[in-house]
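*Asks:* Take a look at this one; I'll ask things after.
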Amino acid sequence: MDQNMNPTPKELETLRFIVNYRAQYGYPPSVPDIAKAGSISPTVARLRVKALVGKGYLSAVRYRARSLVVLKDEAGVPVTP
């Protein structure tokens, strides 16, 4: 696992998208939604989500679509769900 617990700029971009998507639609995006919005492959989208989960910015239920929950904002401040 990455020892640096700060998200990379691309991970922050993904986090922002997740936050904005949820605010707009009322539910979190799927991995294909993240991939399409970022013009990246689903594999890269999954890796970014996995990195954000590992760094404590997101939680996700494995094998469950649209289960992303934002735990911290961009500054690393805990968010109330």
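*Asks:* Do you know which residues across the stretch 19-41 are of a type outside the set (A, V, I, L, M, F, W, C) and in contact (Cβ under 8 Å) with a residue 24 or more places away in the chain?
*Replies:* R22, Y27, P28, P29, S30, G38
*Asks:* Touching a Phe, Trp or Tyr at 6+ places or on another chain (Cβ under 6 Å) and at pLDDT 95 or above: does that describe P29?
*Replies:* Yes; evaluated as a whole, the condition is true for this residue.
*Asks:* Quick one: what pairs do we get from the stretch 47-58, first residue modelled with pLDDT under 95, second among the aliphatic types (A, V, I, L, M) and in a helix (DSSP H, G or I), C-beta under 8 Å, 6+ apart or different chains?
*Replies:* Pairs that qualify, where the first residue is modelled with pLDDT under 95 and the partner is among the aliphatic types (A, V, I, L, M) and in a helix (DSSP H, G or I): there are none.
*Asks:* Can you give me the number of residues within the stretch 47-74 that are closer than 15 Å to E13 by Cβ and surrounded by fewer than 17 Cβ atoms within 10 Å (Cβ to Cβ)?
*Replies:* 3
*Asks:* So which residues in the stretch 4-18 are assigned to a helix (DSSP H, G or I) and either on the phi > 0 side of the Ramachandran plot or touching a residue at least 40 places away in the same chain (Cβ under 8 Å) (or both), if there are any at all?
*Replies:* E11, L12, L15, R16, I18
*Asks:* Does the stretch 36-44 contain at least one residue that is surrounded by 19 or more Cβ atoms within 10 Å (Cβ to Cβ) and of a type outside the set (A, V, I, L, M)? Before you say what the answer is, go through the steps one by one.
*Replies:* At the first step, the residues of the stretch 36-44 found to be surrounded by 19 or more Cβ atoms within 10 Å (Cβ to Cβ) are none.
No, there is no match, as no residue in the stretch 36-44 is surrounded by 19 or more Cβ atoms within 10 Å (Cβ to Cβ) and of a type outside the set (A, V, I, L, M).
The values are calculated or read from the model by the stated rules, or taken from the named source; none is laboratory data. Model, not experiment: these values are computed from the prediction. Because the Cβ atoms are built from the backbone with ideal geometry, glycine has one as well, and the counts that use them run over all protein chains shown.
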